[in-house]
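Comments concern the structure below.
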Amino acid sequence: MEKIKFWKIFFGSGSVTLFNVIRAFLVNKLLAVFLPPAAFACVGQFMNLMTIGEATSSMSMQSGWTSLSAQNKSDREKLLGVWHGGFRMTTMATVLTCVVAVIFCFVAPLDIVLPGVPTRLAQAAILFALPGMVAMNIVSISAAVMNGLGEMRKWALINIVSSLWQMAWVAFFLYTGRLSVLSIVATQSIVASIFAIQISARAGFSFNQIRKTYLEIRGPWISYALMGIVPMIMTPVALMVIRSFVGSSMGWEAAGVWQGINKISDFFASVFSAVLGVIILPKVSAKMSQTDFRGVFRPVFMRLVCVSAALMVGIYFCRHFVVALFLSSAYSGAADYLHFQLLGDLFRSAGWCFGFVLIARSETKAFLGIEIFSQLFLLAATYVGIRLFEFNGPMMAYALENFVTLVALAVVTKRLQWNR
């Protein structure tokens, strides 16, 4: 029965995640067709800036919204207090992020951060990104709560409809040319957020009700905020540094090709991340016995690794077709550099299994220590890799970093203390 349940959840959540992948695929495909590699790399820089904004404004507590909703759903009063605490923290973080973003907009050297984009256009895109950032947070929080409450149909509906709206938004404005490319990317989640609010309210999750709740519980959110915000800031910063280094060392055309390779990797990696969030986060807690944990974790880990390995092998043998499908003929050279990236993706998906256990257990220090080390290791390995192996360097560094991270996460998870 457990095996059947795993595959039911895997394909159920996987099919929903497929919509997100399709949305990312179509948006990426449109950008790759409309833009040359150098401009494509610039859009990647802007999307990383948006990710940082989303991380700081939401405090990256999506895992907390899922886990804490699952842990407290039997006590409505406490659940509302927990939600109120998370809502207040998110609101304050959003206001601070918007203030910093406006200052950044007029003070930062945008010609260096976003090379080739006129300053006024870059400033307008950043300002457009502020409501888009809030909208994306509303969608992700609403979906996370539905996952935690076990409202899987509503979780699926929010994800699917949000993806469809974002695809339609980007396609329409790219086709009509009524907004700049950066502004289109910045505002793609606005309509989807309105829908997410309506659907989540039917399950008892109303932002207006939460705001009026008297009880406020903030304590449990701290560890989730720390474990979420550090990787959500460090990862895009690391990607921006790597992209800039590739661009300065080998030209922004090469940076655009690297961006394409990284995007292909993200498409497939996002499926496993989303599925594991649905399977592991609501089920793992410190109150479990070691036997119960092994009964939940081992089957998930083995099946995930098998599926991931099969997928990566398939992509490798079809790599020329995959590059043509996801990008365009301008990026055909990317197919010759995918092998190390795919190996890194295999290690990454396995590492996520252990990483989600640490998040669910609120093992903040261990998780943050590994996360910070892994990002710094990636930057150092990429620098050395480019010097020694030129364009193969970033992909080799990615594979090595994910292998080292996998080993570290596995060791820490094995040493966790469980109830007898």
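Taking every alpha-carbon pair in region 129-235 and binning the separations at 10 Å intervals from zero gives 13, 36, 36, 13, 2 percent. One decimal place: the segment Ala168-Val407 gains 81.9 nm when fully extended, by the rule 0.36 nm per residue minus the C-alpha distance. Length gained on full extension, Val241 to Phe389: 51.5 nm, using 0.36 nm per residue less the C-alpha separation.
For region 38-146, the direction-averaged projected area of the alpha-carbon convex hull comes to 7.0 nm².
Remark: relative contact order (the chain) = 23 percent; criterion is Cα-Cα distance under 8 angstrom and separation of 6 or more residues. At a probe radius of 1.4 angstrom, the accessible area of the chain per residue rounds to 44 square angstrom. Considering the chain at the alpha-carbon level, its Rg and Dmax are found to be 20.8, 63 Å.
Quotient of the Cα radius of gyration of region 297-346 and 2.2 N^0.38 Å, N being its number of residues: 1.33.
The accessible-area ordering, largest first, of the residues Ser362, Ser332 stands as Ser332, Ser362, per a 1.4 angstrom probe. Within the accessible surface of the chain, defined with a 1.4 Å probe on protein heavy atoms only, the carbon and sulfur portion equals 68 percent. Placing a label point 7 Å from the Cα of Asp266 along the Cα-to-Cβ line, the residues of region 300-333 whose backbone N sits under 14 Å from it are 327.
The distance between label points at Tyr175 and Tyr316 comes to 4.0 nm (points 7 Å beyond Cα on the Cα→Cβ vector).
The values are calculated or read from the model by the stated rules, or taken from the named source; none is laboratory data. Quantities reported herein were computed from a predicted structural model and do not represent experimental measurements. Glycine gets a Cβ as well: all are built from the backbone with ideal geometry, and neighbour counts include every protein chain shown. For accessibility, only protein heavy atoms count, side chains too; no ligands or nucleic acids. Shrake-Rupley method; radii C 1.70, N 1.55, O 1.52, S 1.80 Å.
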